[in-house]
Amino acid sequence: MFDFDGIHEIWQTITRNKTRSLLTAFGVFWGIFLLVVLSSTGNGFENGLMQQVEGVTPNTAFFFTGETSEPYKGYQKGRSWSMQMADLEAIKETFPCVKAISPEASVWSSEDKNVIYGSRGGSFSVKGVLPEYNTIEKSKILKGRFINDTDISANRKVCLLGKKVYETMFERGEDPLGKMVKVNGIYFQVVGVIRSYTDNVNINGSIDESVILPYTTMQQVYALGDKIRFFAIVADDETPITDIEEDLKQLIKQRHDIAPTDEDAINSFNVSEIFKAFKGLFFGIHILIWIVGLGTLMSGIIGVSNIMLVTVKERTREIGVRRAIGAKPKDIIGQVLSESLLLTTLAGLVGLCIGVGIMAIVGSITANMPSDNMMFQEPYMSFKAAVAATVIVIISGLLAGVLPALRAIQIKAIDAIREE
Amino acid sequence: MIRLEKINKTYFGAQPLHVLKGIDLQVNEGEMVSIMGASGSGKSTMLNILGILDNYDSGNYYLNGKLVKDLSENEAADVRNRTIGFIFQSFNLIPFKTAMENVALPLYYQNVNRKKRNQIAMEYLERFGLKEWADHYPNELSGGQKQRVSMARALVTQPKVILADEPTGALDSKTSAEVMQILREVHETGITMVIVTHERGIALRTDKIIHLKDGIIENIEINNPDSIDFSKEIK
Ligand SMILES: Nc1ncnc2c1ncn2[C@@H]1O[C@H](COP(=O)(O)OP(=O)(O)OP(=O)(O)O)[C@@H](O)[C@H]1O
Ligand SMILES: [Mg+2]
């Protein structure tokens with residue numbers, strides 16, 4: 001039935017009425033084309049967005065203090081409190097799954113130019129962090145090194161410059177390492193230049209536009225005392241951050257005489273939930289895309305079925321003659337089904353190829369765009385989806401032929417002779 | 001070759017129409033007979049039954065010694081394909097196939113491969129002087145040529161019986177004579193032939209004329225077709 005001979009026979013009937021076959025096939029072509037383009041575009045946005053979020057390790061949570069909202073152990077409610085370094089140590093001891101932990105303190109300056117080097121100056125935020133911060137907010141060290149343990153223990157007056165800070169303060173190509181930069185009136189030695197992983201996800205302002213100090217130095221220089229109001233943790237891959245988030249809060253509450261039921265004293269948010277929300281959003285978008293694409297395809301298929309019904313009616317005589325000279329019902333069914341299958345599959349494959357081709361061009365154009373924080377990345381359909389689309393086309397091609405085929409075998413040989 | 005016993009056929013239309021009222025007929029192997037009768041006398045109905053294109057209500061029809069009754073679609077298709085060749089008044093060629101492809105089509109349903117069946121089709125076209133027209137489509141052929149193509153198609157499976165319903169009905173008298181001459185030649189190879197016709201000139205070129213009237217065989221006329229000059233036009 002599907003030998004080459006058969007295909008020749010079928011091809012002849014399809015090409016007999018080229019315009020009609022083309023118009024019929026167009027519906028299917030359009031359905032698949034739309035599916036490919038939409039689904040690839042959806043993937044493009046998903047990849048783009050996911051790449052933006054990649055700057056933060058997914059298994060991350062942030063904690064920050066607030067005023068207490070319940071009286072507890074003799075304290076009034078509305079108490080302002082803060083954590084200490086010792087709390088972080090305790091967390092590490094209690095939760096071995098915590099891979100990295102770092103407080104963060106930021107100082108914004110109201111001064112016009114709070115960072116000065118030579119004759120140049122600019123206004124940038126100042127952040128204090130621990131060495132482990134580097135694994136929480138992913139960044140790229142462009143020159144030198146990150147904050148290290150000695151910086152922390154010795155309260156060294158060193159700093160890292162964000163990429164933009166470096167570009168503002170130094171000549172192009174000038175080596176900043178070892179240079180002394182004046183930050184809010186105090187000199188710090190530059191040990192590195194840092195760039196954020198992406199521009200879109202930052203914790204307390206872009207790293208590119210920050211000067212980064214050792215946390216202890218920051219505490220000392222800005223007279224913050226041993227106070228921590230904000231910290232971030234990363235858990236190892238085996239422990240979802242949501243599993244320990246609440247326990248961790250309880251530990252801190254306990255250490256600071258805060259009611260276990262106090263919801264406001266310590267707040268947190270975690271990145272994995274944001275990731276989940278994004279994933280859910282794109283899952284929804286993909287479902288929508290498939291509904292639209294398959295809907296269009298469906299109307300294309302119904303079009304094919306419809307036209308084939310008309311064609312079968314028109315071909316009453318031809319089919320009758322075939323029956324008279326020895327075609328069996330299965331030959332006729334096979335012929336109609338194969339016609340529908342061939343037409344649909346060809347149209348579908350052309351739609352698939354053109355869709356994939358166009359998206360490949362779009363993809364290479366966006367890939368060559370200079371910006372490194374494209375919201376649109378690799379707009380390609382997954383191989384699985386392409387295979388699924390092909391299978392759907394083939395099945396629907398067969399389905400489209402069923403009704404016309406049933407109609408065709410109703411035609412008896414004698415109809416050919418009668419219908420004059 | 002063909003034996004009909006008390007064949008009855010009624011069409012159940014708006015009102016039932018008893019078309020064949022007990023037909024008994026014997027056509028021997030290699031015989032060439034014609035059926036004549038007034039319009040509506042049931043000639044085509046009878047030929048359709050002979051060709052297993054239609055079924056009959058009662059009686060028995062033996063073809064090539066086998067009872068043809070209540071055949072399945074597949075069996076009927078097989079018998080039509082291998083034992084019977086059809087020639088129609090309106091040719092019934094497939095318009096989007098060339099002369100050669102039309103002739104080759106019955107072999108397609110015997111699963112003969114394309115090369116082989118085109119080769120056989122060419123032999124038949126050549127035999128009917130249509131070699132140059134093999135690649136032409138039916139609408140590029142004259143009536144006589146079309147009928148010759150359809151004769152080639154009827155013969156390509158080497159059937160035992162040729163059934164022709166007014167094969168010359170759409171042709172002028174000169175072409176009719178050519179077609180009859182070819183049928184006569186085919187008949188001489190030993191093929192049994194039943195031809196329905198309105199024209200006495202055609203009927204006279206067959207061995208026997210069966211006169212049908214109101215659904216029964218009125219009489220059978222024996223001819224001597226060898227006494228007729230087949231190159232002459234038919235009046
Ligand atoms: N499918 C059918 N349904 C109902 N009546 C039919 C059908 N086919 C034929 N008839 C009727 O049966 C009768 C015999 O028809 P048939 O075609 O056999 O006549 P015919 O002898 O071939 O006539 P003609 O010389 O005009 O071709 C006619 O009255 C015709 O109207
Ligand atoms: Mg008739």
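The values are calculated or read from the model by the stated rules, or taken from the named source; none is laboratory data. Keep in mind it's a predicted model, so treat the numbers as computed, not measured. Glycine also receives a Cβ, built like all others from the backbone with ideal geometry; neighbour counts cover every protein chain displayed. Calculation scope for accessible area: heavy atoms of the full protein, side chains included, ligands and nucleic acids excluded. Shrake-Rupley method; radii C 1.70, N 1.55, O 1.52, S 1.80 Å.
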Listed residues B:Phe96, B:Leu141, B:Gly22: farthest to the positive end of the dipole of chain B (Cβ charges): B:Phe96
Compute the angle between helix B:99-108 and the longest alpha-carbon principal axis of chain B, please, reported from 0 to 90 degrees and rounded to the nearest 10. 60 degrees
Tabulate in residue order the Karplus-calculated ³J(HN,Hα) for segment A:242-253, using 6.51 cos²θ - 1.76 cosθ + 1.60 with θ = phi - 60°, rounded to whole Hz; enter x for Gly and Pro. 5, 5, 10, 3, 6, 4, 5, 4, 4, 4, 5, 4
Could you check the simple spin-label distance between A:Thr135 and B:Ala14, using points 7 Å along Cα→Cβ, in nm with one decimal? 9.5 nm
What aspartates and glutamates sit close enough to A:Lys157 to cross-link, taking a C-alpha to C-alpha distance under 15 Å and skipping anything fewer than 8 places away on the same chain? A:Asp149
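With every protein chain present, what is the per residue accessible area of chain A (1.4 Å probe, Å²)?
Details: 19480 Å² over 420 residues.
Per residue, chain A has 46 Å² of solvent-accessible surface.
Please give me, ordered by residue number, the trypsin sites (Lys or Arg not before Pro) of segment A:133-199 that lie in loop per DSSP and have at most 11 other Cβ atoms within 10 Å. Please report the intermediate quantities before stating the final value.
Numbers: sites: A:Lys138, A:Lys140, A:Lys143, A:Arg145, A:Arg156, A:Lys157, A:Lys163, A:Lys164, A:Arg172, A:Lys179, A:Lys182, A:Arg195; in loops: A:Lys138, A:Arg145, A:Arg156, A:Lys157, A:Arg172, A:Lys179.
Loop-located and lightly packed - A:Arg172.
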Using only Cα atoms, find the angle between the long axis of helix A:85-94 and the longest principal axis of chain A, and express it within 0 to 90 degrees, rounded to the nearest 10. 50 degrees
Put a dot 7 Å past each Cα toward the Cβ at A:Asp5 and B:Glu29; how far apart are the dots in nm? 2.9 nm
Students often get this wrong, so check it: of A:Lys330/B:Lys9; A:Lys412/B:Lys131; B:Lys66/B:Lys97; A:Lys127/A:Lys164; B:Lys6/B:Lys213, which have C-alpha atoms separated by over 26 Å? A:Lys330/B:Lys9; A:Lys412/B:Lys131; B:Lys66/B:Lys97
Shape category assigned to chain B from the gyration tensor of Cα positions, a/c cut at 1.5: oblate
Excluding B:Ala77 itself, what net charge comes from residues whose Cβ is under 13 Å from its Cβ, given Lys and Arg +1 and Asp and Glu -1? +3
Theoretical FRET efficiency, 1/(1+(r/R0)^6), r = Cβ-Cβ of B:Gln110 and B:Leu67, R0 30 Å, to 0.05: 0.80
Buried by at least 50 Å² relative to the chain on its own: which residues of segment B:99-117 qualify, computing accessible area with a 1.4 Å probe on protein heavy atoms? B:Tyr108, B:Tyr109, B:Arg114
With the full set of protein chains present, the residues of segment A:321-335 whose 1.4 Å probe accessible area falls by 40 Å² or more relative to the chain alone are A:Val321, A:Arg322, A:Arg323, A:Ala324, A:Ile325, A:Gly326, A:Lys328
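Roughly how big is the A-B contact, given as buried accessible area in Å² (both sides, 1.4 Å probe, nearest 100)?
On the way: alone 20760 and 11530 Å², together 29780 Å².
That pair of chains buries around 2500 Å² in total.
I'd like the mean, over residues of A:403-415, of how many other protein chain beta carbons sit within 10 Å of each residue's own Cβ. Intermediate results must be reported in sequence, preceding the final value.
Details: counts 0, 0, 0, 0, 0, 0, 1, 0, 0, 4, 10, 8, 1.
Per residue, the average neighbour count from other chains is 2.
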Quick one: with all protein chains in place, what share of the accessible area of segment A:60-269 is carbon or sulfur, to the nearest percent (1.4 Å probe)? 47 percent
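How charged is the neighbourhood of A:Asn134? Take every other residue with its Cβ under 13 Å from the Cβ of A:Asn134, and add Lys/Arg as +1 and Asp/Glu as -1. Kindly include the intermediate steps, with their values, before the conclusion.
Details: positive: A:Lys99, A:Lys127, A:Lys138, A:Lys140, A:Arg145, A:Arg195; negative: A:Glu104, A:Glu132, A:Glu137, A:Asp149, A:Asp151.
Residues close to A:Asn134 contribute a combined charge of +1.
For the protein assembly as shown, what proportion of DSSP beta bridges, expressed in % and rounded to the nearest 5, is antiparallel?
Numbers: 60 of 88 bridges.
Just about 70 percent of them are antiparallel.
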For segment B:7-152, accessible area per residue (1.4 Å probe, heavy atoms of protein chains only), Å²: 44 Å²
Give me the angle, in degrees from 0 to 90, between the Cα long axis of helix B:173-188 and the longest principal axis of the Cα atoms of chain B, rounded to the nearest 10. 80 degrees
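Please list, by residue number, every one of the chymotrypsin sites (Phe, Trp or Tyr not before Pro) in segment A:1-47 that is coil in DSSP and has at most 13 other beta-carbon atoms within 10 Å.
On the way: sites: A:Phe2, A:Phe4, A:Trp11, A:Phe26, A:Phe29, A:Trp30, A:Phe33, A:Phe45; in loops: A:Phe2.
Passing both the DSSP loop test and the Cβ count: A:Phe2.
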With θ taken as phi - 60° and the coefficients 6.51, -1.76 and 1.60, list the Karplus ³J(HN,Hα) couplings across segment A:331-345 in order, rounded to whole Hz; mark glycine and proline as x. 5, 5, 4, x, 5, 5, 4, 5, 4, 5, 5, 5, 4, 5, 5
Residues A:Asn306 and A:Thr242, FRET efficiency given R0 of 51 Å [Cβ-Cβ distance, rounded to 0.05]: 0.45
For the protein assembly as shown, the dipole about the Cα centre with charges only on Cβ (Lys and Arg +1, Asp and Glu -1), to the nearest 20 debye, works out at 1140 debye
Under 10 Å, Cα contacts only: if you run a Gaussian network model on chain B, which one of B:Ile49, B:Ile35, B:Ile87 comes out with the highest mean-square fluctuation? B:Ile49
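Let me make sure I get this right: for segment A:105-214, a, b and c are the square roots of the gyration tensor eigenvalues over alpha carbons, sorted descending. Under 1.5 in a/c it's rounded, otherwise prolate if a/b > b/c, else oblate. Which is it? Walk me through the numbers on the way to the answer.
Values: a/c = 1.29, a/b = 1.18, b/c = 1.10.
Rounded.
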